[in-house]
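For reference, the structure discussed in these notes is given below.
The values are calculated or read from the model by the stated rules, or taken from the named source; none is laboratory data. Keep in mind that what you see is a predicted model, and the values were worked out from it rather than measured. Cβ sites come from the backbone with ideal geometry, for glycine too, and all protein chains shown count toward neighbours. Note: areas computed on protein heavy atoms with side chains; ligands, DNA, RNA excluded. Shrake-Rupley method; radii C 1.70, N 1.55, O 1.52, S 1.80 Å.
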Amino acid sequence: MAMEVVKVIDEAHEAPITSLAFNPTRREIYSAADGDKIIRIWDAKSGQLIRTQPGHKGSVTCLVYSAAVRLLFSGSIDNTIGIWTDKGINLQMAPVGGPVFSLGWDTKQRFLIVGGHSLIQIFKVDLVEARRIAQQQRSVASGLKDSTVVDVPAILRRHFVPLKGPDLCHTEVVSCILVTHTGKVVTGGFDKCICVYDFDKLERPKEAMQRMRGCHSAAIISMSYDSVNNTILTGSIDGSMKVWSLEGRLLDKFENINDQSVTVSYVPGTNMHWASGRFGRLVAFDPRAPANVTKYVTESNGLDRFNVSLLFAPDGTEILLGASKQRQIILWQFNRMGAYRIFKNQSAWLEGMIVTCNTRALARGNAMSNVNNSSNNI
């Protein structure tokens with residue numbers, strides 16, 4: 001039971017990679033880099049570049065792919081959101097009135113949540129209009145229709161009043177957004193705060209919002225949702241990872257795990273929290289203990305091979321994507337039959353093992369007729 005490295009894409013970009021997304025149906029990875037206006041699409045199996053998607057006039061800051069509607073959304077500092085089919089067709093560059101720093105997707109209600117500077121906007125995606133535009137573009141490409149398009153309706157339709165800071169939003173950049181399975185929007189920002197919004201109450205935004213102040217000593221730059229334990233992971237520039245309940249209680253904190261920014265992720269199959277540690281090495285935390293279990297799982301999970309600066313776990317998959325400081329894209333795949341932990345203190349070759357369920361101890365017998373016990377390590 002391990003996260004195995006199945007693909008490494010070297011020199012994926014010329015600049016540091018800032019955003020990743022994943023298409024589970026087509027097994028494609030979407031990536032964007034600092035200062036780059038172009039999205040790159042990679043084949044997850046071969047690691048080959050499939051195509052590039054130009055269209056933005058400013059740097060692409062964030063990506064989110066929805067398997068439910070088969071659309072890729074890209075945010076940029078050019079004040080637009082790009083809407084793309086999974087075959088790379090640009091349906092629209094939707095203006096949103098300001099730079100976009102983060103995106104979130106609500107699968108149940110098909111809302112796109114957009115984070116700006118002290119601003120959150122929530123849009124409903126008009127799938128009928130998206131399909132109509134896609135069909136129109138296919139007709140134009142095949143020469144069956146004139147390319148002149150007049151008054152194209154918007155695919156993104158604002159559904160709620162924009163949430164503005166300082167009363168209804170962050171006071172600085174909204175750096176990360178996630179949507180829980182229980183219908184809450186959770187955001188993190190450069191103002192060190194976490195904001196939680198209840199979708200059912202967004203018509204009355206003051207009632208819908210809960211603000212948690214001073215969650216970190218520096219900007220929050222990464223968030224992930226632990227769907228099993230219904231908790232939120234946050235990573236910060238202050239070098240720490242923290243675990244929060246949706247009610248705002250601090251459940252666990254792991255400080256000084258990195259002397260740089262910490263990015264976090266949760267992969268359901270492993271039931272572990274993953275973060276970028278010192279020198280960019282991946283670190284693993286078991287929420288059941290809670291404890292840092294990195295030393296037990298490093299070799300079996302390839303944690304010491306890469307200098308990771310970005311982590312992303314696609315929702316509904318058992319995949320972990322990472323970007324290294326060497327501009328690599330790394331793909332880990334959860335293997336239920338893989339080795340979970342490797343113990344190296346055996347002095348001779350191993351003849352047998354016994355697991356005692358009542359004490360959760362591992363008895364190991366070797367060729368020297370010795371029996372060694374390893375308790376609380378399995």
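Okay, here's what the table says:
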{"read-out": "Protein-only accessible surface order, largest first, of 5, 185 at 1.4 Å", "value": "5, 185"}
{"read-out": "Karplus (6.51, -1.76, 1.60) ³J(HN,Hα), θ = phi - 60°, over the range 120-134, in Hz, Gly and Pro reported as x", "value": "10, 10, 10, 10, 8, 8, 7, 5, 4, 5, 4, 5, 5, 5, 4"}
{"read-out": "Of 7/87; 45/192; 7/184; 108/242; 45/242; 253/295, pairs whose Cα-Cα distance is over 29 Å", "value": "45/192; 7/184; 45/242"}
{"read-out": "Accessible-area composition of the range 15-146, carbon plus sulfur, in percent [1.4 Å probe]", "value": "52 percent"}
{"read-out": "Backbone HN-Hα couplings from phi across the range 206-211 [Karplus 6.51/-1.76/1.60, Hz, Gly and Pro as x]", "value": "5, 7, 6, 9, 10, 10"}
{"read-out": "Cα-Cα P(r), the range 57-203, percent of pairs per 10 Å interval", "value": "11, 41, 32, 12, 4, 0"}
{"read-out": "Under 5 Å, built H, 5+ apart or other chain: amide partners of residue 22", "value": "30, 65"}
{"read-out": "Cα coordinate range in the chain, projected on the principal axes (Å, largest first)", "value": "84, 49, 34"}
{"read-out": "The range 150-286 - Debye-derived log10 I(q)/I(0), Cα point model, q = 0.16 Å⁻¹", "value": "-0.80"}
{"read-out": "Gaussian network model of the chain, springs between alpha carbon atoms under 10 Å - residue of 191, 34, 200 with greatest fluctuation", "value": "200"}
{"read-out": "Highest-MSF residue in the chain out of 245, 276, 102 [GNM, Cα springs under 10 Å]", "value": "245"}
{"read-out": "Mean separation of Cα contacts under 8 Å, 6 or more apart, over the residue count of the range 218-340: relative contact order %", "value": "16 percent"}
{"read-out": "Mean separation of Cα contacts under 8 Å, 6 or more apart, over the residue count of the chain: relative contact order %", "value": "13 percent"}
{"read-out": "Computed [θ] at 222 nm, deg cm²/dmol, the chain (DSSP H ≥ 4; -39,500 (n - 2.57); rounded to nearest 500)", "value": "-2000 deg cm²/dmol"}
{"read-out": "Dipole magnitude (debye, nearest 20) for the range 28-184, charges at Cβ of Lys, Arg, Asp, Glu", "value": "440 debye"}
{"read-out": "J(HN,Hα) series, the range 176-181, from Karplus relation 6.51 cos²θ - 1.76 cosθ + 1.60, nearest Hz, glycine and proline x", "value": "8, 9, 9, 10, 7, 6"}
{"read-out": "Dipole magnitude of the chain about its Cα centre (Cβ charges: Lys, Arg +1; Asp, Glu -1), debye to nearest 20", "value": "460 debye"}
{"read-out": "Estimated inter-spin distance, residue 218 and residue 4, nm [label 7 Å along Cα→Cβ]", "value": "3.7 nm"}
{"read-out": "Long-range amide H partners of residue 231 with built H, under 5 Å", "value": "226"}
{"read-out": "Choice from 250, 178, 63 with maximal GNM fluctuation in the chain (Cα, 10 Å cutoff)", "value": "250"}
{"read-out": "Residue-normalised accessible area of the chain, given per residue in Å² at a 1.4 Å probe", "value": "47 Å²"}
{"read-out": "Aspartates and glutamates with Cα under 17 Å of residue 124, excluding same-chain neighbours fewer than 8 positions away", "value": "106, 198, 200, 203"}
{"read-out": "Difference of contour (0.36 nm per residue) and Cα-Cα distance, residue 164 to residue 127", "value": "10.6 nm"}
{"read-out": "Where labels lie 7 Å past Cα in the beta-carbon direction, separation of residue 46 and residue 34 in nm", "value": "3.2 nm"}
{"read-out": "Low-density loop positions, trypsin sites (Lys or Arg not before Pro), the range 18-50 - DSSP coil, at most 13 other Cβ in 10 Å", "value": "45"}
